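Asker: I have a structure here, written as structure tokens, and I will follow up with some questions on it.
The values are calculated or read from the model by the stated rules, or taken from the named source; none is laboratory data. Computed from a predicted model, the values in this text were never measured in an experiment. Cβ sites come from the backbone with ideal geometry, for glycine too, and all protein chains shown count toward neighbours.
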Amino acid sequence: MKKLVIASNNPGKLREFQFLLQPLGIEVLTQAQLGIAEAEEPHFTFIENALAKARHVSRLSGLPALADDSGICVEALDGAPGVFSARYAGDNPKSDERNNEKLLQDMRGVADRRAHYYCVLVLLHHADDPQPLIAEGEWHGEIAHEERGDGGFGYDPLFWLPQLGKMSAELSRDEKHAISHRGKALRVLLEKLKVA
């Protein structure tokens, strides 16, 4: 595999994938570079959305595609925002700032702050690939009472890591990739690629 299209327009995810895939010598393209619009994400599970995004991009590009569907799942909110993490506060327009404000509002007065990030990756060698490579990763922490840190993206300024005494947004890029849901999923995917 010499080229791979990332099925996302999220700049934070794109930076992470380009950084993590760089050592493989695979040319990483984005769907925006190829003029491909985002796929619909009508499903209620991460895996179905990731598969839909990968098939959409692979079909339109004629290239292998890697899609990610990920989000934050909060115990006290029955797993919400979940698959709706990117548009938790609405999508007109999508906004990390508005999503974080809504999450803080929804968590006001809630004692159980447990949460985890979840990521599923789907890699298709072609649009009709009957055996997609699938990898998952989870990253456990808590929802803080206020934002802190200026790194990362999404809910990182609210994602408290008790074992480190830091927010996700306070980690360096290398620290984050070593323990994050996406970093874990990508390492699993790379192992599967080696034996595929």
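Asker: Six or more apart or on different chains, Cβ under 7 Å: which pairs go from a residue in the stretch 1-29 that's under 16 Å from ARG187 (Cα atoms) to one that's at pLDDT 80 or above and assigned to a loop (DSSP other than H, G, I, E, B)? Could you list them?
Answerer: ILE26/LYS2
Asker: Here's another thing I want to ask about it. ASP91 fails exactly one of the following numbered conditions: (1) exposed (fewer than 13 other Cβ atoms within 10 Å of the Cβ); (2) among the charged types (D, E, K, R); (3) at pLDDT 95 or above. What is the number of that condition?
Answerer: (3)
Asker: Taking the stated definitions as given, is ASP112 surrounded by fewer than 21 Cβ atoms within 10 Å (Cβ to Cβ), within 23 Å of VAL57 (Cβ to Cβ) and at pLDDT 95 or above?
Answerer: Taking the combined requirement at face value, the residue does not satisfy it.
Asker: Based on this model, can you work out whether VAL110 counts as β-branched (Val, Ile, Thr) and closer than 30 Å to ILE26 by Cβ? Working first, answer last.
Answerer: Details: β-branched (Val, Ile, Thr): yes; closer than 30 Å to ILE26 by Cβ: no.
Criteria not met by VAL110.
Asker: Right, something else. Somewhere in the stretch 132-148, is a residue surrounded by fewer than 16 Cβ atoms within 10 Å (Cβ to Cβ) and at pLDDT below 95?
Answerer: no
Asker: Looking at the stretch 119-172, which of its residues are in contact (Cβ under 8 Å) with a residue 24 or more places away in the chain, among the aliphatic types (A, V, I, L, M) and not in a strand (DSSP E or B)?
Answerer: Correct list: ALA127, ALA144, LEU158.
Asker: Kindly indicate the residue of the stretch 38-47 that is surrounded by 14 or more Cβ atoms within 10 Å (Cβ to Cβ) and of a type outside the set (D, E, K, R) and also farthest from GLU16 (Cα to Cα) among those meeting that condition.
Answerer: Initial filter on the stretch 38-47 (surrounded by 14 or more Cβ atoms within 10 Å (Cβ to Cβ)): 38-39, 41, 43, 46-47.
If we keep only those that are of a type outside the set (D, E, K, R) as well, we get 39, 43, 46-47.
Working: ALA39: 20, HIS43: 24, PHE46: 19, ILE47: 20 Å.
In this case the residue turns out to be HIS43.
Asker: Can you confirm whether ASP96 is surrounded by 15 or more Cβ atoms within 10 Å (Cβ to Cβ), in contact with a Leu (Cβ under 8 Å, 6 or more places away or on another chain) and under 18 Å from SER8 (Cβ atoms)?
Answerer: no
Asker: Tell me, which residue of the stretch 1-37 that is charged (D, E, K, R) and surrounded by 18 or more Cβ atoms within 10 Å (Cβ to Cβ) is farthest from the chain's Cα centre (by Cα)?
Answerer: Within the stretch 1-37, the match that is farthest from the chain's Cα centre (by Cα) is GLU16.
Asker: Name the one entry in GLY152, GLY165 that is buried (at least 17 other Cβ atoms within 10 Å of the Cβ) and closer than 26 Å to ARG98 by Cα.
Answerer: Result: GLY152 is the single residue among GLY152, GLY165 that is buried (at least 17 other Cβ atoms within 10 Å of the Cβ) and closer than 26 Å to ARG98 by Cα.
Asker: In the stretch 107-118, what count of residues is obtained for those that are assigned to a strand (DSSP E or B) and touching a Phe, Trp or Tyr at 6+ places or on another chain (Cβ under 9 Å)?
Answerer: Of the residues in that region, 4 qualify.
Asker: So, of the residues in the stretch 173-185 that are free of Cβ contacts under 8 Å to residues at least 60 places away in the same chain and either exposed (fewer than 13 other Cβ atoms within 10 Å of the Cβ) or not charged (D, E, K, R) (or both), which turns out to be nearest to ILE72 (Cα to Cα)?
Answerer: Just the residues of the stretch 173-185 that are free of Cβ contacts under 8 Å to residues at least 60 places away in the same chain, to begin with: 174-176, 178-179.
Applying the additional criterion that residues be either exposed (fewer than 13 other Cβ atoms within 10 Å of the Cβ) or not charged (D, E, K, R) (or both) yields 174, 178-179.
Numbers: ASP174: 21, ALA178: 18, ILE179: 15 Å.
Here the residue is ILE179.
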